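Chemist: Let me give you the structure first, and then I'll get to my questions.
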Amino acid sequence: MRRRSHSRPVTSRQHTFTCQHLLRWSSYSPSPAVGPDPCYISCPHCHVQKLTRVEYSPSVRTHCMAALLCIVGLWCFACLPYCATSCMNANHFCGNCNKFVGVYSSD
Ligand SMILES: [Zn+2]
């Protein structure tokens with residue numbers, strides 16, 4: 001298997017693509033400030049101001065809390081962090097176009 005070296009210059013087309021991709025990603029990343037609960041935002045995709053739909057997903061903190069509970073012998077309560085939304089990441093989706101608009105990280 002060949003290892004890709006970062007010090008070697010890549011082909012110009014590939015390099016341009018990578019930069020554009022990174023630029024697009026970095027310009028997309030500063031999402032609107034969202035909290036752990038649904039909130040009104042102006043959607044960057046459809047520009048409609050609407051309440052967001054929130055999906056909660058476990059974060060590193062969630063897994064750490066569960067692991068900690070197991071370690072101290074409270075393994076029967078290890079599922080609690082997965083029920084508490086304050087320990088989860090909140091992924092916000094536009095209430096109009098249903099596209100991802102931002103994430104609230106609990107970490
Ligand atoms: Zn939208």
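Taken together, the values in this text are just the output of simple stated rules run on the coordinates, not laboratory data. Quick caveat, the model's predicted, so the values are computed rather than measured. Neighbour counts run over all protein chains shown; Cβ positions are idealised from the backbone, glycine included.
Chemist: Which three extents, in whole angstrom, do the alpha-carbon atoms of region 36-104 cover along their principal axes, largest first?
Modeler: 49, 14, 13
Chemist: Now for a separate question. Within 10 Å of each residue's Cβ, count the other Cβ atoms and sort Leu74, Leu69 from fewest upward.
Modeler: Details: Leu74 12, Leu69 17.
Lowest to highest Cβ neighbour count: Leu74, Leu69.
Chemist: Out of residues 5 or more away from Val103 or on other chains, whose amide H comes under 5 Å of its own, with H placed 1.01 Å from N in the peptide plane?
Modeler: Those lying under 5 Å, H to H, from Val103 are His92.
Chemist: Mind ordering 83-96, 54-67 by average Cβ neighbours within 10 Å, highest first?
Modeler: Highest to lowest by the protection proxy: 83-96, 54-67.
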